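One structure is given below, encoded as structure tokens.
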Amino acid sequence: MKASVLSVLLALCLLAGAGALLAAQGPARAVESSVGPNLLNNPSFEHPYGAYNPPGGHGDCQWGPCNSAQTAAGWTPYWRPGYESQTDTIVMPEYKPADPIFTDPLRVRTGNAAQVYFTVWTTHQAGFYQQVEVEAGKAYCYSVWAHSWSANDNDDAYSGPEYGNLRQRVGIDPTGGTDWQSGGIAWGEFRVQPDIYQPFVVTATAQSDVITVYAYSENEWAVEHNDTYWDDAYLGEVEPVLPDGELGLTIPADKPAVITKTVNPNWLCDPETSWEVALDPAGTFTPTLSTTSGATGESLMVTLDSNGLSPGIYETALRFSSPDTDLALPAIPVRIAVVALDNHVYLPNLTSGLLAP
Ligand SMILES: [Ca+2]
């Protein structure tokens, strides 16, 4: 009888532990992906480019249109004017199309143009935006490939040896506003990204039927070159990576099972980005993966098999990487809890609600 009681207690402890572990999978569920068409107008920043013509005029463009602010069709520039700033180094950047003739380093990622803006021997807080019709209440993922050239010399077109601490990021105003200083903008990670195109990403839930997507950069020191390059933007609806719940299985030891779950590994929210996956080498069991690589929008099937496993908790993780970027991608934990329920007849009401159907 003592053994039976102990067995029941062990079973309950394992169930509680498994429940806590599965409940702790919030971060995996919070990871999001995107699929579907690109909602942006002129996402590759192609020609035509035109001078910014601000309604009501602009203090930096006293003769009418801002002829030195040439932005790709569909995109609107913004910047902190020098006369508004607290420092005397902030100025209006010059905006223009990047030329594909420059390939060392690569300035145009795809097509015939990319958006570049820059300041010389000065600093800036600037970028551009686009308003997009969406569906209120839905989540959207926005990414732009970008890099900077920050240097204090003209020996080559690569950053350094002295840098201006030129940082870039992207953002979404979920209310569709056009004030780049609004506290309601969801900004992605700030990053110094010299010379090589890499994606900048952010996700937000639309609060109206229009949202605004932003690119932004600022430099700290007024070195000679402070250029930012932007190409291949993407805005799409977000769908959960794990639409049918967590990647886990809680199962009685005497009723082994095999289940298959679907994962859509699309964190970079860019249809051109591919992914690779490997299991955590320190894992304590080995689920079967349908593939080890794919493109955005392609799914991965993960099969969990509890046959032959003794009571206990088995853990591993799906570790993702992308050959297109060296950005760190999140890992998804995978778990099986095998529960010894020798005496479950004594506690049917307590255990039945805890076991997965
Ligand atoms: Ca382009």
Determine ³J(HN,Hα), in whole Hz, for all residues of the stretch 313-323 in sequence, where each value follows from phi through the Karplus function 6.51 cos²θ - 1.76 cosθ + 1.60 and θ = phi - 60°; x replaces Gly and Pro. 10, 10, 9, 7, 8, 8, 9, 9, 9, 9, x
Can you give me the long-range amide H partners of residue 140? Hydrogens built in the peptide plane at 1.01 Å from N, cutoff under 5 Å, separation of 5 or more residues or another chain. 204, 205, 206, 238
17 Å reach of a label modelled at residue 41, 7 Å along Cα-to-Cβ, counting backbone N of the stretch 56-73: 70-73
Between the residues 67, 106, 177, the Cα farthest towards the positive end of the dipole of the stretch 49-239, that dipole coming from +1 and -1 charges on the beta-carbon of Lys, Arg, Asp and Glu, is from 177
With θ taken as phi - 60° and the coefficients 6.51, -1.76 and 1.60, list the Karplus ³J(HN,Hα) couplings across the stretch 294-305 in order, rounded to whole Hz; mark glycine and proline as x. x, 10, 3, x, 8, 9, 10, 9, 10, 10, 9, 10
Give the aspartates and glutamates reachable from residue 96 as a straight Cα distance under 15 Å; neighbours fewer than 8 places away on the same chain don't count. 46, 227, 231
Pull out the extension gain between residue 162 and residue 209, defined as 0.36 nm times the separation in residues minus the alpha carbon to alpha carbon distance; nm, one decimal. 12.5 nm
Please turn the phi angles of the stretch 57-64 into ³J(HN,Hα) values with the Karplus equation 6.51 cos²θ - 1.76 cosθ + 1.60 (θ = phi - 60°), one per residue in order, whole Hz, x for glycine and proline. x, 8, x, 8, 9, 6, 9, x
For the stretch 49-239, give the share of DSSP beta bridges that are antiparallel, in percent and rounded to the nearest 5; count only bridges with both residues there. 95
Furthest towards positive pole of dipole, 57, 125, 137, structure part the stretch 49-239, Cβ charges: 137
Can you give me the long-range amide H partners of residue 257? Hydrogens built in the peptide plane at 1.01 Å from N, cutoff under 5 Å, separation of 5 or more residues or another chain. 306, 307
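All of the numbers you see were taken from the coordinates with simple rules; none came from a lab. All values derive from a computational prediction rather than experimental measurement. Positions of Cβ are generated from backbone atoms using ideal geometry, with glycine treated the same way; all protein chains shown enter the neighbour counts.
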